[in-house]
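Read through the structure below, which is laid out as C-alpha cells, and then see the notes.
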Amino acid sequence: MWVGLEYGFPVALQELTSREAVLAAVTAYRELGRKAFLKKYGFGPAHSYFLKYEDALYDSKAIVGVAMGFQHPDRGPLTSADFRGGDAAVKAKLEELGFTVEVHKGQADAQTSSELPRLDEGRVYSWGELGELFHCAPEYFSSVGGMASRPEMEALLLITHIGGAKSFDYEDYWDGDELIYTGRGQLGDQRMNGQNNLLASNRYTNFVFEGAATRHLRFLGIARSTQHWWSTGPDGNGAERRIIRFRLSFSDGVAAKGAAPGPAVLKQPRQPAHLTPRPFDETRVPAPFVKGEARLSPEEILVRQEKAAHDHHFLIAALKRALLAAGWQGIEEVPTSVDLWARRPGDGARVIFEAKTLGADNEVPQTRYALSQLLEYRHFRGAAEDSLCLVTNAPVSDARERFLRSQGVAVLTYDGITFQAAGPLAMEMLGTLFQK
C-alpha cells in the first residue's frame, strides 16, 4: 500500500524514477484503449494535463499511477483515490523523466469521443487531412513507419508501400484480394507487442493506406488480420531477422487498389550485387574458387553426421507426437524414402512430410533437396492428390517459403516445443495442428 502525503500527493510519487515504467504504461494504454485503460486502473479522464508521446496525448495522472505499478509490482499501481489533486506535481515528475506534458483545456471531451472518421475507399488524402481526421500533426506520418496507433480513438493506421518505400522495403504484396503485410520494426527481430499485437488481435479498427505521392496516402479500406505467422527477412542493415507476416482481409472483400485484383503476386526478392545480370564476355578471366571452410578430419565428419542423424530423428519423432495429439491417422514411414505421411482428421486427406535440419549456411541446398524428394515421393510412392510439407527445426527465409508455397509445398517449423506454420499454405493444410 502507498502511504504518506506531501503537497496533496503520496510521498511515494518520489519513488517513480523509471522512464521505462512510464513507457510500459503508455504501451498498456495503447493496447487497451483509453476507456478500458482508465476503467481498469480506476481513473477518470484528464481535464487539462496530458502526456504527449509520439504525437499522441495520454491522461497524465493515470499514466503516472500505472507506471508506479510497473516499477514497483510488489505494491501495485496507484489509483485515483491515492491522489488528491496535484496535476502540477505529475507534470513535474514526467518532465523530470524526460517527457513532455501539455495543457489542453477541454481536451477530455475530445479525447473521450470514440467516433471514427468515415473515409472514402480509393481516395487519396493528404497528411494534413488525415491529421485533422485522426487528431494528430501531419508530420506524425513521417515518424511512425508503417503503423500508427490512435489509442484515444481505438484506431490503428497501417501504411503499405507495394514495391518498397524510399527508406525501407518491407516487401508487402497482394495475394488476390488480400494484403500480406509485414509487422512493425526495421532493425533486429520483430516482436509481438505494441502495434503488432494490436493488429494480431484486431483490438482496434484497422485503417489501411498505401503511399500515393509525397505526403499523400490512398485509403484502401478497413481490414482485419485473419492470419499471422513468423518468417524471416532482411532488416534495415541487411541482416537476416525474424519478421511477422499478417494476412489482411478487407471488410467488403476487395481493397480499393488501382488495378483489378488478380492472382497471387509473389514479388521477386532483391538480388545481391554479385548476382546482378551483366553481358557475357568470353575474354573475362573467371574469379578463382575459394572454399568456404577448411577440410574436416574423418573424426569431425563422423561426429557431424551422427549429430545430423540424431537431430533428424528427433524432429520426426516430435512431428509424430504432434500429429497423434491432433487426431491424425495412418501415420507411417517408408524406409529409405518417406519420412512420414499421415491422414488429416475429418477429410482423411494425406500429407507427405519431409524433415530437414537447417544450419547457418545450408537453407538453400536443404530446401532444394526437400522439394525434389517430396515431388519424387508423391510420384513414385504416393498419389497425385497427396499434399506436401517440409518440416524444419529453424525458420526458412520469407522468399524461400513463398517459393515453396508456389510449388505447393507447405513449411512447418519446430522450435523445440511447438510446431508453427510458416505461411498461409501451412495454416490451411495443417490447421488441426494449431487448434487450441
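The values are calculated or read from the model by the stated rules, or taken from the named source; none is laboratory data. Keep in mind it's a predicted model, so treat the numbers as computed, not measured. Note: ideal-geometry Cβ built from the backbone for every residue, glycine included; neighbour counts use all protein chains shown. The accessibility values were calculated without ligands, DNA or RNA, using every heavy atom of the protein model including side chains. Shrake-Rupley method; radii C 1.70, N 1.55, O 1.52, S 1.80 Å.
Examine segment 250-264 for a residue that is touching a helix residue (DSSP H, G or I) at 6+ places or on another chain (Cβ under 9 Å), at pLDDT 90 or above and not in a loop (DSSP other than H, G, I, E, B), and state whether such a residue exists.
no
Of the numbered conditions (1) in a loop (DSSP other than H, G, I, E, B); (2) modelled with pLDDT of 85 or more; (3) within 24 Å of residue 394 (Cα to Cα), residue 337 fails exactly one; give the number of that condition.
(2)
Can you name the residue in segment 32-52 that is open to solvent by 40 Å² or more (accessible area, probe 1.4 Å) and in contact with a Leu (Cβ under 8 Å, 6 or more places away or on another chain) and, of all such residues, is modelled with the lowest pLDDT?
Filtering segment 32-52 for residues that are open to solvent by 40 Å² or more (accessible area, probe 1.4 Å) and in contact with a Leu (Cβ under 8 Å, 6 or more places away or on another chain), the one modelled with the lowest pLDDT comes out as 44.
Of the numbered conditions (1) in contact with a helix residue (DSSP H, G or I) (Cβ under 9 Å, 6 or more places away or on another chain); (2) assigned to a strand (DSSP E or B); (3) within 24 Å of residue 127 (Cα to Cα), residue 227 fails exactly one; give the number of that condition.
With (1) in contact with a helix residue (DSSP H, G or I) (Cβ under 9 Å, 6 or more places away or on another chain); (2) assigned to a strand (DSSP E or B); (3) within 24 Å of residue 127 (Cα to Cα) applied to residue 227, the lone miss is (3).
Anything in segment 323-339 that is within 31 Å of the chain's Cα centre (by Cα), under 17 Å from residue 412 (Cα atoms) and not aromatic (Phe, Trp, Tyr)? List them, or say none.
Listed by number, the residues that qualify are 323, 324, 325, 326.
Pick out the one residue from 426, 322, 326, 410 that is closer than 27 Å to residue 248 by Cβ and touching a helix residue (DSSP H, G or I) at 6+ places or on another chain (Cβ under 7 Å).
410
Table: residues versus (1) out of contact with any His (no Cβ under 8 Å at 6 or more places or on another chain); (2) of a type in the set (S, T, N, Q); (3) modelled with pLDDT of 90 or more.
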residue	(1), (2), (3)
376	yes, no, yes
381	yes, no, no
386	yes, no, yes
389	yes, no, yes
396	yes, no, yes
400	yes, no, yes
407	yes, yes, yes
410	yes, no, yes
413	yes, yes, yes
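Residues that are without any contact (Cβ under 8 Å) to a residue 40 or more places away in the chain, over 25 Å from residue 36 (Cβ atoms) and open to solvent by 30 Å² or more (accessible area, probe 1.4 Å): list the strands (runs of 3 or more DSSP E) wholly contained in segment 116-190 that include at least 2 such residues.
In segment 116-190, there are no strands (runs of 3 or more DSSP E) which contain 2 or more residues that are without any contact (Cβ under 8 Å) to a residue 40 or more places away in the chain, over 25 Å from residue 36 (Cβ atoms) and open to solvent by 30 Å² or more (accessible area, probe 1.4 Å).
Of all residues in segment 340-356, which are outside any strand (DSSP E or B) and in contact with a Gly (Cβ under 8 Å, 6 or more places away or on another chain)?
Of everything in segment 340-356, just one residue is outside any strand (DSSP E or B) and in contact with a Gly (Cβ under 8 Å, 6 or more places away or on another chain), namely 345.
For segment 396-423, name all the residues that are of a type in the set (Asp, Glu) and open to solvent by 40 Å² or more (accessible area, probe 1.4 Å).
415
Could you go through segment 12-28 and let me know if any residue there is modelled with pLDDT under 85 and either on the phi > 0 side of the Ramachandran plot or not in a helix (DSSP H, G or I) (or both).
no
Going by the conditions given, is residue 159 touching a Gly at 6+ places or on another chain (Cβ under 6 Å) and modelled with pLDDT of 80 or more?
Considered against the rule, which asks whether it is touching a Gly at 6+ places or on another chain (Cβ under 6 Å) and modelled with pLDDT of 80 or more, residue 159 comes out as yes.
Considering only residues that are open to solvent by less than 60 Å² (accessible area, probe 1.4 Å), among the hydroxyl-bearing types (Ser, Thr, Tyr) and without any contact (Cβ under 8 Å) to a residue 60 or more places away in the chain, which ones fall in segment 210-243?
If the condition is that a residue be open to solvent by less than 60 Å² (accessible area, probe 1.4 Å), among the hydroxyl-bearing types (Ser, Thr, Tyr) and without any contact (Cβ under 8 Å) to a residue 60 or more places away in the chain, then 225 is the only one that fits.
Is there a residue in segment 373-389 that is open to solvent by less than 30 Å² (accessible area, probe 1.4 Å), closer than 29 Å to residue 189 by Cβ and either in a helix (DSSP H, G or I) or of a type in the set (D, E, K, R) (or both)?
no
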